[in-house]
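Enquirer: Attaching a single structure in C-alpha cells format; questions to follow.
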Amino acid sequence: MKKTNKKSLLIILLIAVIAVMSVLLVGCNKVDKKLQSMQNNISYFNNDMLTAEDSNFYIEVVDGSREKALIADGEVGEMTEYCTLNVTPLNLDMTNKGLTFKLTGENGVYEGSLEKSIIGINYNANIEEATKLGVIKSVAIILGDQTFEYSLASINANGIDYKQAVESVYKNCAEDLEDMFDGNEFKSEIYIKISCDRSKNPKEYFWFVNVVENSDNMFCALVDIQTGEIIAKKHR
C-alpha cells in the first residue's frame, strides 16, 4: 500500500513539473505581435557594412534589401537585394579622376568602373549579384597604372543587427510610436541604415532608424550599434 502511495505521489509531482515547464515555455515563446508587425514593415535596410581606409581613400561596401520603388507612403512594396561600393577620396590628388575597382570574395571577383557623384567628391558602384561572390574579403581601387589594395572588415562584427535596432526603438520609444499602430498592426514603414560620424577619431557608427507613416508624420532615432542604446530621437 505504501509503495502504491509513493508511486502515485511521484506521478503527481511529475505531472505538476511538466505543467509548470509548459507554462514557462509558452511564456518564453510568446510572440510580441506589435514588434513582429513593425519588423515586417521595413522598406530599406543595411545587412552589413565593410570598410577600409588609408590616406588616399575611405571605402564602404554595404549590402541589404530595399523596395524596388522607394516611395515613402507608409507601405512596403516589392523588395530587392542590393550591394554598393562607396569610395571617398581623402587625398586631393585622387579627386575628379577615372577610377575602376576589383572586388574579391571567397568565390570570385567582380570588376567595374566607379561613377562620380553629381554632388560631392564621392564615387560609387552597384555590385550586381553580389551573393555569388560569397564573403567579400578585399577591394582594389585602380587609378591609371596605380593600384591601391585594401582588406575589408565589418564594422558590426560584435554589434546588433538591423532587426535588433528596430526592437530597441520599439521598446524605448513606445510613446513616440503609439499613433503609428492600429491595435497590433504597424501602419508605417521603416528605413534603417548604418551611418558614420566621420568627425570622430576613431569613426563612430550607429543605426539610423527612420519611421514614416506619411509626409506629415515621421520619427527618427539614432541607435548605438554596439549596445542598442537610443542616442537621439526626433519627430519630423
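Enquirer: Quick one: in the stretch 210-236, of everything that is of a type in the set (D, E, K, R) and at pLDDT below 90, which residue is nearest to the chain's Cα centre (by Cα)?
Expert: The qualifying residue nearest to the chain's Cα centre (by Cα) is 213.
Enquirer: Here is a further query. Could you tell me whether any residue of the stretch 167-184 is closer than 28 Å to residue 135 by Cα, open to solvent by 40 Å² or more (accessible area, probe 1.4 Å) and out of contact with any Phe, Trp or Tyr (no Cβ under 9 Å at 6 or more places or on another chain)?
Expert: Within the stretch 167-184, one or more residues are closer than 28 Å to residue 135 by Cα, open to solvent by 40 Å² or more (accessible area, probe 1.4 Å) and out of contact with any Phe, Trp or Tyr (no Cβ under 9 Å at 6 or more places or on another chain).
Enquirer: Here is a follow-up. Any chance the stretch 198-209 includes a residue that's closer than 24 Å to residue 77 by Cα, open to solvent by 10 Å² or more (accessible area, probe 1.4 Å), at pLDDT 90 or above and in a loop (DSSP other than H, G, I, E, B)?
Expert: no
Enquirer: Open to solvent by 80 Å² or more (accessible area, probe 1.4 Å) and of a type in the set (A, V, I, L, M): does that describe residue 231?
Expert: For residue 231, the condition - open to solvent by 80 Å² or more (accessible area, probe 1.4 Å) and of a type in the set (A, V, I, L, M) - is met.
Enquirer: Would you be able to say whether some residue in the stretch 168-182 is part of a strand (DSSP E or B), under 15 Å from residue 42 (Cβ atoms) and at pLDDT 95 or above?
Expert: no
Enquirer: Quickly run through the stretch 50-67 and pick out the residues that are closer than 21 Å to residue 211 by Cβ and either exposed (fewer than 15 other Cβ atoms within 10 Å of the Cβ) or touching a residue at least 40 places away in the same chain (Cβ under 8 Å) (or both).
Expert: Residues satisfying the conditions are 62, 64.
The values are calculated or read from the model by the stated rules, or taken from the named source; none is laboratory data. Only a predicted model underlies this, so the values are computations on that prediction, with no experimental measurement involved. Neighbour counts run over all protein chains shown; Cβ positions are idealised from the backbone, glycine included. Note: accessible area is taken over every heavy atom of the protein model, side chains too, but ligands, DNA and RNA are not part of it. Shrake-Rupley method; radii C 1.70, N 1.55, O 1.52, S 1.80 Å.
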